[in-house]
Amino acid sequence: MAKAEFKVVGTSPARKGGVERVIGKGIYGIDLMLKDQLHGGILRSQYAHAKIISIDTSEAKKIPGVHAVVTAADAPDVRYGRSYFDRYILARNKVRYMGDPVAAVAADSPAVVKQALKKIKVVYEPLPVVIDPEEAMKPEAPTLHEDMPLPKNLPEGVKVKNVCSFAAVRVGDAEKAMAEADVVVNEVYETKMIHPQYLEPRIAAAQVEPNGRITVWANSQGPFPVRQEISKTLGIPLNNVRVIAAELGGGFGGKGSGITSGAAIEPICALLAMKAKRPVMIVLDKAEETISTTIRSGAKLYIKTGVKKDGTIMARIGKVIYDTGGYSGFGAQAGGRCTNMLGGWYLMPNCHIDGYVVYTNKQVCGPVRGPGGPQAAFAVESHMDSIAAKLDMDPGEFRLKNIPKAGDKIVGVPKLRDVSLGETIKIAAEKIGYKKVGAQFIAPALGKNQGIGIATGSWIESAGPGGGAVVKVNEDGSVTVHIGKIDMGTIPGFGIPLIVAEELGVPVEDVTVVNVDTDASPWDAGTVGSRGILVAGTASRLAAIDARNQLFKMAATQLECSPEDLEIVNKQIRVKGTPAKSVSLETVATNAHNVIGEVIGRGYFDNVAAVAEEKAHGSSQPFTTHACIVEVDTMTGNLKILKYVAVHDIGFPIHPVAVEGQIEGAAAMSIGQALCEQVIVDKDGRTMNPSFVDYLMPTINMMPRIETTLIHGYPGSGPYGAKGAGEIACVPPMAAIANAIYNATGVRIKTLPLSPANVLRALKEAGKA
Amino acid sequence: MSITITTTINGKAVSAGAEASTSLLEFLRDTLEYKGTKLCCNTGECGACTVIYNGKPINSCVTLAADANGAEITTIEGLADGDKLHPVQQAFIDTGAVQCGYCTPGYIISVKALLDRTKKPTAEEIEEAVSGNICRCTGYNKIVDAIQLAAQRL
Ligand code: FES
Ligand code: FES
């Protein structure tokens, strides 16, 4: 689709909501303060695994200034979960990780809250703790959930325990093909748990209205899922719960919703407000977040691939051990995705992968940016280089040999509509310094201990569900847009205003996207899954077109023409080719008051139709290749990333600067996971590095300049051919860096992070330090 | 024990009570309701709470409110001149450096302090000036662009 067709989409005007953010007037969740509000706090388990014998709150209740103390006994006996209902908002009978919420307090001040939490007496009977998921699967391991059955689809004869869910990839006959392969490479990779570490702590504020309804303010990515959770866990009908979204200081999947965040702070806060009969606000402490809210799971990845001498991949056999922590959280979904992605995004005629999602006494798995993908890609793309080395082939060439073409299938995707993978590989190779000589790529000359690494990735966007948009044209011609997705540096501030301005012929300044209020906004699953532009973008575009049709119908009567003859330019509705024959948007929108009441356009993203379309024509998903040059200090194990390029096919970029920003941010997150990030848990289940003092994240000094190249590829299924861009850049970085280390030193590191200590150890073991 | 703190914030004299243990960040946010200065780690590691204290950027979460007595403090609310944004603020908007925006006030304050010290900062000086600020959204590219643009415009 040519850019010239459009006036607004494809440009990068200043973010909506930018001014209030730079002057310190953006109202984030943490900035809220309700009239007469009490402070809430949560008592968390000090054991990673224990029976709760008794909870005595009487002393806490006696403290002056304490207005409510709640435990599981105060809430309905209802369990929640994404696919498996294995969790209470406050622990009942048992705790399963150190940080599990046990009780909560509302009091006059944070100091009194602290005092009261200390006075709650919980008698625990400690149980054996299991931290390693492979240990947890053994028959002698402690049982985490006595009443959760093993998954029904476990292969016959498999004796395991604590398995929350099981995913399987079965393509062709992998055993047979493996036996026929010329070369077989068998490896095991491991990634560690990381925390999304959005900067703004999670909050919840709740108040009971005089009419008995409950209003909850949340800095969640999914206000509607939060509403549903409050309704379910507290037994209140949906129409009596109102969730208002506050601005979010980051989320990255960690603020997915109460359920998948593992925090459940919204229902706990609502329960406190109901008990105290006063508004209550809970603000989590950052260190408390690190131990209690959801994380990107660690995974162990067994991967074995058989290839022909010429580099054609014949078969893969693999196993994924995905650590979901104390509860199912998002484990089934993320672990399932990880299992599929271990099959790669290349041609794979035979593939057999078993994916076990396993309970352990740790923090709970959440839908953190690209859930399951980065872990799988670390293994897949490191392994591709190992195979290339064994074949004595250039890693880029080996990949190009196995790329699918349009119409082919890859593991987890029955049919691809287009494949830009090869194009991204070639462009990334050139950008990082390869010279193309004929059909051959010649690597650039590098200095001592420097290496070059590439890694590719893809991402699936068809995870569902749909969502809606409402576009109202006001009587002055300005436009108000309602969607169910929140702004955390994502589409409401960047893409949506452009789409609506494009379709309605109004300046971007005249479009306001209002924040989510479940009483007024259309339903949506939230800002998750790279689906902002796909779902809300499509819905907003259709809603704007619906509003435009209503305007044209009314204007046509006035201008005595047919609606098809009309266009809107600069807020004027005019007859195409006869611009003098026109009426202002303002006039038509005002006149609407007398006819249809108000111009209200409605649009939605029909996920069922999208899935059917994908089934018929194939998936036009995004692909990417990242490449980097890394220098390894063989004395210290320190890495310096000298150059980093990211080539992405994200279809048509509606707001190119925003797309680049998403790519740079997502890449940075995985570069952090590659270099330093890790939540460290000891054998008793205690998090050793909860605060920012010990939890290392990439700072500006560590980060390379990420040179992003956007290629348009085949149009995606989003509006104007856009594809989602929020997560895919998390997929390749870890392997790209590991591959560069291998290229520099000949040492293959298979366990993250690639921290100085780990790199040095690996170099020493190989006699290279 | 409550103490009275008299200080100048954004050129305005203020006086209010605080506990001896109250941090400057709590004092600003909760007592005086200057909510533009952000709370994150509360341990001096992220820079979200940066304010200018007698000309120097500091982390207000690890500074006592009591230390503000007699000091001059500039917060993010004190930068714009009416409706006219400070060049650093404008540069952050213009370069797309504001994603969630939660780190933004801290960065803008750190950068203002830098540009008050030196009009033509080197790449190293820029990196040094914001090495205590964490941004989780942008991967830092556009923040560097913003700082360079602001320096150019000043
Ligand atoms: S909140 Fe003060 S440095 Fe992080
Ligand atoms: S813009 Fe979100 S943390 Fe920097």
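The values are calculated or read from the model by the stated rules, or taken from the named source; none is laboratory data. Since the structure is predicted, the reported quantities are computational estimates derived from the model, not experimental observations. Note: ideal-geometry Cβ built from the backbone for every residue, glycine included; neighbour counts use all protein chains shown. Surface accessibility is based on the protein's heavy atoms, side chains included, excluding ligands, DNA and RNA. Shrake-Rupley method; radii C 1.70, N 1.55, O 1.52, S 1.80 Å.
Assorted remarks:
- Shielding value for B:101-112 is 5, the average number of Cβ atoms from other chains within 10 Å of each residue's Cβ.
- Calculated FRET efficiency for the pair A:Ile545/A:Glu135, C-beta based, R₀ 51 Å, to 0.05: 0.35
- Put simply, chains A and B cover up around 3800 Å² of each other's accessible surface, both sides summed, when a 1.4 Å probe is used.
- For a label point 7 Å along the Cα-to-beta-carbon line of A:Asn449, residues of region A:621-662 with backbone N under 20 Å: A:628-644
- Average other protein chain Cβ within 10 Å of Cβ, residues A:691-699: 5
- Relative contact order of chain A, taken over Cα pairs closer than 8 Å and 6 or more residues apart, is 15 percent.
- Length gained when the stretch A:Arg761-A:Asn153 is fully extended (0.36 nm per residue, less Cα-Cα span): 214.8 nm
- Set of aspartates and glutamates near B:Lys112 by C-alpha distance (under 17 Å), chain-local residues within fewer than 8 positions excluded: B:Glu72, B:Glu77, B:Asp81, B:Asp94, B:Glu124, B:Glu125, B:Glu127, B:Glu128, B:Asp145
- Ordered from longest to shortest, the equivalent ellipsoid semi-axes for region B:2-78 are 17, 14, 11 Å, each the square root of 5 times a Cα gyration tensor eigenvalue.
- Exercise: per-residue mean of other protein chain Cβ atoms within 10 Å, A:193-206: 3
- Approximate spin-label separation A:His593-A:Arg92, in nm, with each point projected 7 Å along Cα-to-Cβ: 5.4 nm
- Relative contact order for region A:379-472: 18 percent, from Cα pairs under 8 Å spaced at least 6 residues apart, divided by residue count.
- Point-to-point label distance, B:Glu72-B:Ser15, nm (Cα→Cβ direction, 7 Å offset): 2.1 nm
- Listed peptides B:9-20, A:403-414 by packing density, highest first (mean Cβ within 10 Å): A:403-414, B:9-20
- Calculated FRET value between B:Arg117 and A:Lys576, using beta carbons and R₀ = 51 Å, to 0.05: 0.30
- Taking each of A:Lys119/B:Lys56; A:Lys405/A:Lys485; A:Lys485/A:Lys615 in turn, the alpha-carbon distance tops 32 angstrom for A:Lys119/B:Lys56; A:Lys405/A:Lys485.
- For the cross-link pairs A:Lys121/A:Lys277; A:Lys62/B:Lys38; A:Lys401/A:Lys431, the ones whose C-alpha atoms lie over 27 Å apart are A:Lys62/B:Lys38.
- Size of charge dipole - chain A - debye, nearest 20, with Cβ of Lys, Arg +1 and Asp, Glu -1, no other charges: 1040 debye
- Estimated purely from DSSP H runs of n ≥ 4, each contributing -39500 (n - 2.57), the mean residue ellipticity at 222 nm for the protein assembly as shown is -8000 deg cm²/dmol once divided by its residues.
- Across region B:2-78, Cα pairs under 8 Å and at least six residues apart give a relative contact order of 40 percent.
- Chain A: radius of gyration over Cα atoms, expressed as a fraction of 2.2 N^0.38 Å: 0.99
- The listed peptides A:151-163, B:107-119, A:331-343, A:47-59, ordered by packing as a protection proxy, come out as A:331-343, B:107-119, A:47-59, A:151-163 (highest mean of other Cβ atoms within 10 Å first).
- Probe 1.4 Å, protein heavy atoms only - accessible area per residue of the protein assembly as shown in square angstrom: 36 Å²
- A:Ala50 long-range amide H proximity, modeled H, under 5 Å: A:Val95, A:Leu127
- Sorting A:287-296, B:82-91 by their mean Cβ neighbour count within 10 Å, with the most densely packed peptide first, gives A:287-296, B:82-91.
- Within straight-line cross-link reach of A:Lys750, lysines at Cα separation under 17 Å, skipping those fewer than 8 residues along the same chain: A:Lys192, A:Lys300, A:Lys304, A:Lys319, A:Lys390, A:Lys764, A:Lys768
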